[in-house]
1. Residues of segment 121-147 being open to solvent by less than 60 Å² (accessible area, probe 1.4 Å), assigned to a loop (DSSP other than H, G, I, E, B) and either more than 16 Å from Ile209 (Cα to Cα) or modelled with pLDDT under 95 (or both), which ones?
2. Under the condition of being open to solvent by 10 Å² or more (accessible area, probe 1.4 Å) and more than 21 Å from Ala163 (Cβ to Cβ), which residue from segment 205-215 is nearest to the chain's Cα centre (by Cα)?
3. Please pick out the residue among Gly109, Gly72, Gly94 that is at pLDDT below 95 and over 18 Å from Asp207 (Cα atoms).
4. Is it the case that Leu155 is open to solvent by less than 40 Å² (accessible area, probe 1.4 Å) and of a type in the set (A, V, I, L, M, F, W, C)?
5. Could you list, in sequence order, all residues of segment 220-264 that are among the β-branched types (Val, Ile, Thr) and either in contact (Cβ under 8 Å) with a residue 60 or more places away in the chain or out of contact with any Cys (no Cβ under 6 Å at 6 or more places or on another chain) (or both)?
6. Quick one: in segment 20-41, which of the residues that are of a type in the set (A, V, I, L, M, F, W, C) and either touching a helix residue (DSSP H, G or I) at 6+ places or on another chain (Cβ under 6 Å) or assigned to a strand (DSSP E or B) (or both) is farthest from Ala69 (Cα to Cα)?
7. Within segment 249-280, how many residues are over 16 Å from Ala13 (Cα atoms) and β-branched (Val, Ile, Thr)?
Amino acid sequence: MKVISTEKSQILAARIATALNTTMVDVKFSRFPDGELYLATGKLEEETVIVGSITDSDALVQLLLLIDACEGSQNHLVLPYMGYARQDKRFRDGEPISARAIAGLFGKGIVDCVTVNIHEPSVLSYFSVPTTNISLAGDIGACIGSMGLTDPLILAPDDGALAFAKGVASAGGWDCDHLEKTRLSGVEVKMAPKKLCAASRPVVIVDDIISTGGTIATAASMLYQQGATDVYAICVHGVLIGGAYTHLKAGGVRDVFCSDTIERGCSRFSAAKCIAAVLTG
Ligand code: R5P
């Protein structure tokens, strides 16, 4: 078994290869003069792990090309970050179910698939091959444990993310709650933990995705008003669009951590071992 990767998932793919005690297949990436993507793989083995996060349209096309190029091998697909999974239903007439459209692209040429903290688990039913979704809640818990915080409060940004936050908090037996939004007026909104108090303690906000950083930046400034000593942000997928990282830091967030499902400067823990564990059964 060897590991092969799209351009944007090379580091995670190499870590998966190490965890599997194997090596990577070399790939040449380039473009045709009209901008179309081109790639060519090195020599393939009988079994291949194809790794590619869907971070944008080019990453998606590159992944489809890679699967096609690996024809003839038994291929396991790893989608560390599945973009488009947030449009998991038709919210308004005329909209696509984007998650279904994207999942439907993966079937031919692969035998199974691994996803990581997919935004909405019901999306798994849109895959036509057996798909396993893993959670990095334990790895985030270990990351928080290594920060040496005293009595941290683990906070989910909303009640939908509470189960994930509880999984993180159980790693250290820490308190856990979710933020609740209260509308004070037409323009004023208050965000505070639903049951617990943030005063005089560090708070770690955990989420599956940080996209614009807006949710956490707003929450951080309110948590400081409520007496939190330090606010940290940790997520699985650091989408971090535009000035998200700056926005978080400007909002007083002490540090921002994400995994390597999307490779960022603040990728401080890896999904590789969990992924390798699924691949080896
Ligand atoms: C949404 O449901 C996700 O779990 C995240 O909470 C969301 O994507 C965060 O978005 P932003 O960083 O733009 O506030």
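The values are calculated or read from the model by the stated rules, or taken from the named source; none is laboratory data. Source: prediction; values computed, not measured. Quick reminder, even Gly has a Cβ in these numbers, built from the backbone with ideal geometry, and neighbours come from all protein chains shown. Remember, those area values only see protein heavy atoms, side chains included, never the ligands or the DNA or RNA. Shrake-Rupley method; radii C 1.70, N 1.55, O 1.52, S 1.80 Å.
1. Result: Phe127, Val129, Met147.
2. Residues of segment 205-215 open to solvent by 10 Å² or more (accessible area, probe 1.4 Å): 207-209, 211-212, 214-215.
So of that shortlist, the ones also more than 21 Å from Ala163 (Cβ to Cβ) come out as 212, 214.
On the way: Thr212: 14, Gly214: 17 Å.
Out of the qualifying residues, it is Thr212.
3. That would be Gly72, the only listed residue that is at pLDDT below 95 and over 18 Å from Asp207 (Cα atoms).
4. Yes; evaluated as a whole, the condition is true for this residue.
5. Let us first name the residues in segment 220-264 that are among the β-branched types (Val, Ile, Thr), namely 229, 231, 234, 236, 239, 241, 246, 253, 256, 261-262.
Selection gives Thr229, Val231, Ile234, Val236, Val239, Ile241, Thr246, Val253, Thr261, Ile262.
6. The initial filter retains those residues of segment 20-41 that are of a type in the set (A, V, I, L, M, F, W, C), namely 20, 24-25, 27, 29, 32, 37, 39-40.
Checking which are either touching a helix residue (DSSP H, G or I) at 6+ places or on another chain (Cβ under 6 Å) or assigned to a strand (DSSP E or B) (or both) leaves us with 20, 24, 27, 29, 37, 39-40.
Values: Leu20: 22, Met24: 15, Val27: 10, Phe29: 12, Leu37: 13, Leu39: 8, Ala40: 7 Å.
Here the answer is Leu20.
7. In the first step, residues of segment 249-280 are kept if they are over 16 Å from Ala13 (Cα atoms); the result is 249-258, 265-266.
With β-branched (Val, Ile, Thr) added as a condition, the list becomes 253, 256.
Going through segment 249-280 one residue at a time, the tally reaches 2.
Here is a yes/no grid of residues against (1) in contact with a His (Cβ under 6 Å, 6 or more places away or on another chain); (2) modelled with pLDDT under 95; (3) within 19 Å of Gly172 (Cα to Cα); (4) not small (Gly, Ala, Ser):
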{"position": "Leu196", "(1), (2), (3), (4)": "no, yes, yes, yes"}
{"position": "Val206", "(1), (2), (3), (4)": "no, no, yes, yes"}
{"position": "Ile209", "(1), (2), (3), (4)": "yes, no, no, yes"}
{"position": "Gln225", "(1), (2), (3), (4)": "no, yes, no, yes"}
{"position": "Thr229", "(1), (2), (3), (4)": "no, no, no, yes"}
{"position": "Ile234", "(1), (2), (3), (4)": "no, no, yes, yes"}
{"position": "Gly242", "(1), (2), (3), (4)": "no, yes, no, no"}
{"position": "Cys258", "(1), (2), (3), (4)": "no, no, yes, yes"}
